Amino acid sequence: MKIGLLTGGGDAPGLNAVIRTAVLSAMNRGWEVVGIRHGFAGLLGEPDIMPMNRSTVSGIAHLGGTILRTTNRGNPLCFPVRGEDGTVVEKDCSDELIENVKKLGIDALIAIGGDGTLGIALQLVRRGLKIVGVPKTIDNDVSGTVSTFGFDTAVNTAIEALDKLHTTAESHDRVIVMEVMGRNAGFIALHAGLAATADVILIPEIPYDIDKVCEKILARDKAGHNFSIVVAAEGAYSKTEALGHSTHTMQHRAIRAGSVAEQLVNDIQQGTGKECRLLVLGHLQRGGMPTGYDRLLAARFGAAAVTAIQNERWGEMVALQSPHLVTIPIEDVIREEKRVDPSHDVVMAARMTGISLGD
Ligand code: F6P
């Protein structure tokens, strides 16, 4: 048995821990393992592969990033190819990819990635490849699993930043808006905001009213707390912006990093007269050492993926359905991205402690 491992999409802390566990679990079964670099794109043209063995995965479990490299471009089903006239067109390169997998003698693949990578994996399974998936993203927006590894680390990074912002905001009587990642899901903002005792948390699942946000800040001033901390998910939007658009449109629109924080700082400054500052936490959330929780989850996922190959669960993804690890069809997973449930106890806990959700 020879298996291939690849990581696709944006990196997330814990990828190396998955790689290590999967390689060791496979080798201990007597299987051969190769790593495919730069996701599925590494199987196009001259394959970009590296042999994997005990020494390649030694001492990597605690490291951020991925030793296999990754990309959130390079979808082989619509791969950008330059034509003879110089124009770039998107081409379905799946035949070439499948041919390369055969040439390399790879029997099965483990694809570690978010919705995008898992969706590509499913298409390739439908075209005959044997693939199992491992869910990864700091955004935690993959359905069917309680959490993805990388999320806990990102939340901890955001908490640390919020703790630091608190002291400077308080010293200057300022409002500080911190924008966190998450695409169109508000998990990072919500979890970090509650844990770090923010005053306002804005998430895409609960469109905000800027007047309510300003009211909260002014009420704090009146009560003698002359500073406020606002955590906004990069996908957050106001009720006004949503006018005339469906929730689906708003929940799947393109995101520009920093635009939510900029808008909020302007609006809050205007609505309260207070001095405001912003921080766009950005890719810091994707870097660094995975937390213990993420390392453990990643290790469990890596081992479970090898078991899934043994059990021929093609087109399925390993998932945490506490306390168990299960495999579930990728088809079901990618049908709908996971979002914060506005009636979830985490949202309720925030409201009950006086945090404004801007609604
Ligand atoms: O999906 C992970 C993520 O970090 C999102 O939270 C963010 O919107 C996006 O990727 C950023 O992508 P890029 O690395 O291409 O800027």
task = Provide the per residue accessible area, probe 1.4 Å, for the range 187-322, rounded to a whole number of square angstrom.
result = 45
task = Please name which of T21, C276, I217 has its Cα lying farthest along the dipole of the chain towards the positive end, using unit charges on Cβ (Lys, Arg +1; Asp, Glu -1) and the Cα centre as origin.
result = T21
query = List the lysines whose alpha-carbon lies under 29 Å from that of K239, not counting same-chain residues fewer than 8 positions away?
reply = K212, K216, K222, K274, K338
Spin-label model distance (nm) - R73 vs E160, 7 Å beyond Cα toward Cβ = 3.1
task = Please sort by residue number the GluC sites (Glu not before Pro) in the range 302-359 whose DSSP state is loop and whose Cβ has at most 11 other Cβ atoms within 10 Å.
result = E312, E336
GluC sites (Glu not before Pro) within the range 48-108, DSSP loop, no more than 13 other Cβ atoms inside 10 Å = E84
Sum of -39500 (n - 2.57) over DSSP H runs of 4+, divided by residues of the chain (222 nm, nearest 500) = -11500 deg cm²/dmol
ask   = Using r as the Cβ-Cβ distance of K102 and M250, and R0 as 51 Å, what FRET efficiency do you calculate, to the nearest 0.05?
value = 0.70
request  = Could you grab the relative contact order for the range 1-66? Cα pairs under 8 Å, six or more apart, rounded to a whole percent.
outcome  = 47
request  = Whenever you get a sec, compute what percent of the accessible area on the chain sits on carbon and sulfur atoms (1.4 Å probe).
outcome  = 50
ask   = Counting only heavy atoms of protein chains, what accessible area per residue, in Å², does the range 1-148 have with a probe of 1.4 Å?
value = 40
ask   = Mean Kyte-Doolittle of at least 0.0 and a Cα length of 24 Å or more along the axis: which whole DSSP H helices of the chain meet both?
value = 292-310
query = What size of dipole, in debye to the nearest 20, comes out for the chain about its Cα centre when the only charges are +1 on Lys and Arg C-beta atoms and -1 on Asp and Glu C-beta atoms?
reply = 880
ask   = Based on the Cβ-Cβ distance from A195 to D345, what FRET efficiency comes out when R0 is 22 Å, to the nearest 0.05?
value = 0.95
ask   = How much length, in nm to one decimal, is gained on full extension between T307 and D173, taken as 0.36 nm per residue of separation minus their Cα-Cα distance?
value = 42.7 nm
ask   = Exactly which trypsin sites (Lys or Arg not before Pro) in the range 80-132 are in a DSSP loop and have at most 16 other Cβ atoms within 10 Å?
value = R127
remark   = Counting only DSSP beta bridges fully inside the chain, the antiparallel percentage to nearest 5 is 30
message = Below 8 Å between Cα atoms, with a sequence gap of 6+, how large is the relative contact order for the chain in percent?
response = 22
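The values are calculated or read from the model by the stated rules, or taken from the named source; none is laboratory data. Given the structure is predicted, the values throughout are model-derived calculations rather than measurements. Note that we place each Cβ from the backbone using ideal geometry, even for glycine, and neighbour counts take in every protein chain shown. In case anyone asks, the SASA skips ligands and DNA or RNA and just uses the protein heavy atoms, side chains included. Shrake-Rupley method; radii C 1.70, N 1.55, O 1.52, S 1.80 Å.
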